[in-house]
Amino acid sequence: MDVLSSLAAWPARRWLVALGTAVATYLLIALPTDLIDNPVFGREIPPTPWSYWALAATAVLSGLVTATYVATPEEARVEREGRIGAAGAFVTFFAVGCPVCNKLVLVALGYTGAIQFFEPIQPYLAAGAIALLAWAFLARVRRESSCAVPATR
């Protein structure tokens, strides 16, 4: 079974979880990184245009990965693995955030180091985060549609 046919077989409950998680992920990353303008958080350096696309891709993939953990009515597997998807969402926070507003980056590199060293690698962090999420999603969907091998004693 390929990924698209597997997605077509998802029940509505999974799609609701995917949508809710995608919206929550977008808001949980966009508000503190000030990609959505708000009075609580601010940025010293304006966001790059790719930040919005990277965050949108991360949100969608996070929703899809989370939805794979919702059991379908036919099967409720006990085995649940994976922290790769969570790592991808976490890395996106650093990828789209203001390089000089992040206290961890400032402590490690200083203001000049954040601009010279951290800001140029942010697109690569975003690409890596999206790749991690895509890999986690594909692995989970493929595992769901694989045949279970009975244990032998």
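Check region 135-146 and report whether any residue there is modelled with pLDDT of 85 or more, closer than 24 Å to residue 19 by Cα, open to solvent by less than 70 Å² (accessible area, probe 1.4 Å) and among the hydroxyl-bearing types (Ser, Thr, Tyr). There is no residue in region 135-146 that is modelled with pLDDT of 85 or more, closer than 24 Å to residue 19 by Cα, open to solvent by less than 70 Å² (accessible area, probe 1.4 Å) and among the hydroxyl-bearing types (Ser, Thr, Tyr).
When region 6-15 is examined, which residues are found to be part of a helix (DSSP H, G or I) and open to solvent by less than 40 Å² (accessible area, probe 1.4 Å)?
Answer for region 6-15, where residues must be part of a helix (DSSP H, G or I) and open to solvent by less than 40 Å² (accessible area, probe 1.4 Å): 6, 7, 14.
Within region 42-53, can you find the residues that are modelled with pLDDT under 90 and either open to solvent by less than 90 Å² (accessible area, probe 1.4 Å) or closer than 12 Å to residue 123 by Cα (or both)?
42, 43, 45, 47, 48, 49
Are any of the residues in region 79-91 assigned to a loop (DSSP other than H, G, I, E, B) and either at pLDDT 90 or above or surrounded by 15 or more Cβ atoms within 10 Å (Cβ to Cβ) (or both)?
Checked region 79-91: at least one residue is assigned to a loop (DSSP other than H, G, I, E, B) and either at pLDDT 90 or above or surrounded by 15 or more Cβ atoms within 10 Å (Cβ to Cβ) (or both).
Note on region 16-33: residues that are open to solvent by 50 Å² or more (accessible area, probe 1.4 Å) and either within 17 Å of residue 94 (Cβ to Cβ) or in contact (Cβ under 8 Å) with a residue 60 or more places away in the chain (or both) amount to 3.
The values are calculated or read from the model by the stated rules, or taken from the named source; none is laboratory data. Please read these numbers as outputs of a predicted model, since none were measured by experiment. Every residue, glycine as well, gets a Cβ built from its backbone with ideal geometry; the counts of neighbours run over all protein chains shown. Note: accessible area is taken over every heavy atom of the protein model, side chains too, but ligands, DNA and RNA are not part of it. Shrake-Rupley method; radii C 1.70, N 1.55, O 1.52, S 1.80 Å.
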